[in-house]
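A short worksheet on the structure shown next.
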Amino acid sequence: MASSDTHFEKLTRCCMKCRISQFLDKKITIEKAGVARVAVPFHADLTQNSGFVHAAVLFEVGDTAGFMAANSMEETYSVLTVDYHINLMRPVREEGVFATSEVVNAGKTLYVARSDIYTESGKLVAAGQGTYMVSKILLTELDGYED
C-alpha cells in the first residue's frame, strides 16, 4: 500500500495481520478518532457446549473495538490493554456479533473506552469498559503498519 495511507488504514491493516483477527474473520472499522467497530461472523466452532457463542468472543470484539478506538487517537505508539471488564446480558445463538467502542477519557498515557456488544440483528448482549496504556512500542515496528 502507498505511504499516503492514513493512520486509520494502517492501524486496521496491522490489526488484521494478527492471527486471531484472521481466525475470527474480523471486520474492523475506525469511524473517526476515538470510535471503532469490530464484527465477527457466526461460526459453529466459536460456540460452547450449549450452542451459544462463547463469551470469550464477546470479550474479544469488545476489547479489540476499545483498543482500536484508543489507538486511533495515538499515532506514534501502540496501546496495550491494561484492564477490561465485561458485563454479559444475554446469550447469543447462531448469530455473529459486533462491538462499537468510544473513548470516554483520553489522557497522556491512559485511554478509557466503553464498548457495547450486539448481535447481528441489533440486540445488546454485553457491555464492557477497557483501560489502554500507551506503550513504548512504535507502531512503525509492528507487522502490517507500514506495509
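Rule-based calculations on the coordinates, nothing more; no lab input. Please read these numbers as outputs of a predicted model, since none were measured by experiment. For neighbour counting, all protein chains shown are included, and Cβ atoms are generated from backbone atoms with ideal geometry for every residue, glycine included.
Given LYS27/LYS136; LYS108/LYS136; LYS10/LYS32, which pairs have Cα atoms separated by over 24 Å?
LYS27/LYS136
How high is the FRET efficiency between ARG93 and ASP25 when r is their beta carbon distance and R₀ equals 22 Å, given to the nearest 0.05?
After rounding, the FRET efficiency stands at 0.75.
How much FRET efficiency would the formula 1/(1 + (r/R0)^6) give for ALA44 and GLU146, where r is the Cβ-Cβ distance and R0 is 25 Å, rounded to 0.05?
It comes out at approximately 0.10.
Place a +1 charge on the Cβ of each Lys and Arg in segment 7-140 and a -1 charge on the Cβ of each Asp and Glu, then give the dipole magnitude about the Cα centre in debye, rounded to the nearest 20.
Numbers: 14 positive and 14 negative charges, 44 e Å.
It comes to approximately 220 debye.
Could you compute how fast the chain diffuses translationally, taking Rh as the Kirkwood radius over C-alpha pairs and applying Stokes-Einstein at 25 °C with viscosity 0.890 mPa s? Give it in µm² per second. Provide the component values of the computation, followed by the final result.
Values: Rh = 15.3 Å.
Calculated translational D: 161 µm²/s.
Relative contact order for the chain: what percent, with Cα pairs under 8 Å and sequence separation of 6 or more? Please report the intermediate quantities before stating the final value.
Values: 328 pairs, mean separation 38.9, N = 147.
So the answer I get is 26 percent.
How far is it, in nm, from the label point at ILE137 to the one at GLU75 when both lie 7 Å from their Cα along the line to the Cβ?
A separation of 2.2 nm, rounded to one decimal place.
Which ³J(HN,Hα) values, rounded to whole Hz and listed in residue order, are derived for segment 124-140 from phi using the Karplus coefficients 6.51, -1.76 and 1.60 in 6.51 cos²θ - 1.76 cosθ + 1.60 with θ = phi - 60°, glycine and proline given as x?
Values per residue, Gly and Pro as x: 6, 10, 6, 9, x, 9, x, 10, 10, 9, 6, 8, 9, 7, 5, 4, 5 Hz.
If I model a spin label as a point 7 Å beyond the Cα along the Cα-Cβ vector, how far apart are those points for THR6 and CYS18 in nm?
With each label point 7 Å from Cα toward Cβ, the separation is 2.1 nm.
Does anyone have the angle between helix 7-16 and the longest principal axis of the chain? Alpha-carbon axes, 0 to 90°, nearest 10?
Helix 7-16 and the main axis of the chain meet at about 50 degrees.
Could you let me know the centre-to-centre spacing of segment 57-110 and segment 15-55, using Cα atoms, in angstrom?
11
Would you mind giving the average projected area, over all directions, of the Cα convex hull of segment 76-147 in nm² with one decimal?
Value for segment 76-147: 6.3 nm².
What angle, in degrees between 0 and 90 and rounded to the nearest 10, separates the Cα long axis of helix 55-71 from the longest principal axis of the Cα atoms of the chain?
20
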